[in-house]
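Data block below; observations after.
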Amino acid sequence: MIFLTDGTPTEGELLPEKILEAALKANTSQSRIFVMGVGHDVNVHLLEKLAEATEGGSEFVELEEEIDGKIASMYDRLAY
């Protein structure tokens, strides 16, 4: 599973620890979760914990950066 997000909760559950707990509980297929955080105000802690707990991966992109290279890097990891 791939999430492209800033990881900032804005609706529903807002506590990162509760979000992580709920996401892991809902992941009954034990899917790996890969996250790509975009922007300056990324919840790095939440996204890295989510990726780490599912043996996925994470990439982070600043708004000034070219996103193409980051996407290619993530694709390479997924293809491997």
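Listed values, structure above:
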{"read-out": "Theoretical ellipticity at 222 nm over the chain - DSSP helices of four or more residues, -39500 (n - 2.57) apiece, nearest 500", "value": "-13000 deg cm²/dmol"}
{"read-out": "Most positive-pole-ward Cα, 9, 40, 28, against dipole of the chain from beta carbon charges", "value": "28"}
{"read-out": "Quarter of Cα convex hull surface for the chain, i.e. mean projection, nm²", "value": "5.3 nm²"}
{"read-out": "Loop-located GluC sites (Glu not before Pro) in segment 22-80, at most 11 other Cβ atoms within 10 Å (DSSP)", "value": "55, 64, 65, 66"}
{"read-out": "Accessible surface, per residue, of the chain when the full set of protein chains is kept, probe 1.4 Å, Å²", "value": "71 Å²"}
{"read-out": "Candidates 46, 20, 63: whichever shows maximal mean-square fluctuation once the chain is modelled as a Gaussian network with Cα springs under 10 Å", "value": "63"}
{"read-out": "Net length gained if the chain between residue 8 and residue 72 were fully extended (0.36 nm per residue, minus Cα distance)", "value": "20.6 nm"}
{"read-out": "Check: the chain dipole with +1 on Lys, Arg Cβ and -1 on Asp, Glu Cβ, in debye", "value": "460 debye"}
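The values are calculated or read from the model by the stated rules, or taken from the named source; none is laboratory data. Owing to the predicted nature of the structure, the values given are computational and were not obtained by experimental measurement. Don't worry about glycine lacking a Cβ; one is built from the backbone with ideal geometry, like all the others, and counts go over all protein chains shown. Remember, those area values only see protein heavy atoms, side chains included, never the ligands or the DNA or RNA. Shrake-Rupley method; radii C 1.70, N 1.55, O 1.52, S 1.80 Å.
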